[in-house]
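Asks: One structure coming up, written as structure tokens, with questions to follow.
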Amino acid sequence: MPDALDHTPYDALLLLSFGGPEGPDDVVPFLENVTRGRGIPKERLKEVGQHYFLFGGVSPINDQNRALLKALREDFAAHGLNLPVYWGNRNWAPYLTDTLREMAADGRRRVLVLATSAYASYSGCRQYRENLADALAALRAEGVRAPEVDKLRHYFNHPGFVEPMIDGVLRSLADLPEDVRDGAHIAFTTHSIPTSAADTSGPVEAHGEGGAYVEQHLDVAQSIAEAVRERTGVDHPWRLVYQSRSGAPHIPWLEPDICDHLEERHAAGVPAVVMAPIGFVSDHMEVLYDLDTEATAKAGELGLPVRRSATVGADPRFAAAVRELVLERCAAERGQEVTRCALGALGPSHDLCPVGCCPARAPKPAAAGADSPPVP
């Protein structure tokens, strides 16, 4: 048996994700949760839900989180990290508030949080922190002694996150016909967000055109492209592009869209494209629909060979990276010096989100940050 690893001062890890429907009857209630407060009519939600109905009303994200949960528990046990792992979602069962209530009943007092979003942005970080604050406040209103929570740092450039994506791109390139392989373009994709949200993403010093959101994705894309060149001897051209836009047409969002990019690359004479969804932890609905369905259909219309590389999912290297991130944070909280793993040019991210980091659309309390309300 491995020696037990020191996880003090924490007594649990919470896997915090978005959630998704698990049957046709769940789709509209799930979308009502996602869009709560925006006044979107139910008929419009039924239209939006067609992406889910194409797949039987089931989002793959919950099964993918179950697989990651299993991978984390197995990795922790194999390495002597006796830290229980819980799972809660923002928008569907198991709901975050219910999971935190369970953790409180189990006597958990200080909890680390792993969000299934690797990059800095309002929707990818602060909104999770706001949901944590709401859930903790709800428990306190019930008279429950809610645990203290801290969020693990952004892991976009951790080797355990990047290396599986490098392998995914290499496999996709190898799967292309040999006559188009060396000339293939790599389209690194991530979720489009409003340009105003991108420009204010990350700490205040990172604000500007694209903010930390774009800078972090470009850094990961560069790391992957360089690794592919080193391992194949071919310098593939690449670009960061976007998918899954959902906002009003008059509001500027990050561009180009992946389908527009495929048209442009085809017109430029590119013989093939590998689509690499570096902005996503797993193959959830936006990957399945926007890339595997919509973008692949567009490529078929153009006669452009495409392949879509894998996301990280429950890769053992990612589970190992989470263990390293947990132990790193535990040691730092105990006042020890730690070595923080990071690839690329940006270095490791902050442990504590600073004031002004990824500001909210409207002032709202958020947990696990320098601007968080004091723990009662």
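Read-outs: derived from the displayed coordinates by stated rules, not from any lab. Everything numeric in this text was worked out from a predicted model, so none of it was measured. Methodologically, a virtual Cβ is constructed for each residue, glycine included, from the backbone with ideal geometry; neighbour enumeration extends over all protein chains shown.
Asks: Taking the radius of gyration and the Kirkwood hydrodynamic radius from Cα positions alone, what is the Rg/Rh ratio for the chain, to two decimal places?
Replies: My calculation of the ratio gives 0.96.
Asks: Net charge near L16: determine it from the other residues with C-beta under 9 Å of the C-beta of L16, scoring Lys and Arg +1 and Asp and Glu -1.
Replies: Summing Lys/Arg as +1 and Asp/Glu as -1 gives +2.
Asks: Another question about this same structure. According to the square roots a ≥ b ≥ c of the eigenvalues of the Cα gyration tensor, what is the shape class of the range 186-329, taking rounded for a/c under 1.5, prolate for a/b larger than b/c otherwise, and oblate for the remainder?
Replies: Here the range 186-329 falls in the oblate category.
Asks: Then there's this: Return the calculated 222 nm mean residue ellipticity for the chain, to the nearest 500 deg cm²/dmol, obtained by summing -39500 (n - 2.57) across DSSP H runs with n ≥ 4 and dividing by the residue count.
Replies: -11500 deg cm²/dmol
Asks: So how do 278-289, 62-73 stack up, highest first, on mean other-Cβ count within 10 Å?
Replies: Highest to lowest by the protection proxy: 278-289, 62-73.
Asks: Let me ask something else. Just to be sure I understand the model, the point goes 7 Å from the Cα along the line to the Cβ. What's the resulting R38 to R109 distance in nm?
Replies: Simple spin-label model gives 4.1 nm for this pair.
Asks: Pop a pseudo-label 7 angstrom from the Cα along the beta-carbon direction at both E264 and A331 and give the gap in nm to one decimal.
Replies: 4.3
Asks: Treat each spin label as a single point 7 Å out from the Cα along the C-beta direction, and report the N82 to S196 distance in nm.
Replies: 5.2
Asks: Placing +1 at every Lys and Arg Cβ and -1 at every Asp and Glu Cβ, with all other atoms neutral, what dipole size does the range 1-136 have around its Cα centre, in debye to the nearest 20?
Replies: Rounded to the nearest 20 debye, it is 420 debye.
Asks: Got a sec? Charge dipole of the chain, +1 on Cβ for Lys and Arg, -1 for Asp and Glu; which of I258, F53, Y128 is way out at the positive end?
Replies: So the residue we want is Y128.
Asks: Write down the percent of antiparallel bridges among all DSSP beta bridges whose residues are both part of the chain, to the nearest 5.
Replies: Expressed as a percentage, antiparallel bridges in the chain total about 5.
Asks: Follow-up question, since we're still on this one. Put +1 on the Cβ of every Lys and Arg and -1 on every Asp and Glu Cβ in the range 130-239; which of I224, A187, L139 then has its Cα farthest towards the positive end of the dipole?
Replies: So the residue furthest toward the plus end is L139.
Asks: Relative to the Cα centre, what is the charge dipole magnitude of the chain, using +1 at the beta carbon of each Lys and Arg, -1 at the beta carbon of each Asp and Glu, and rounding to the nearest 20 debye?
Replies: Using Cβ point charges on Lys, Arg, Asp and Glu, the chain gives about 940 debye.
Asks: Cβ neighbours within 10 Å, averaged per peptide: list 44-52, 313-321 in order, most packed at the top.
Replies: Peptide ranking by packing, descending: 313-321, 44-52.
Asks: In addition: Extension gain R73-C341, at 0.36 nm per residue separation less the Cα-Cα distance, in nm?
Replies: Here the segment from R73 to C341 would lengthen by 94.3 nm.
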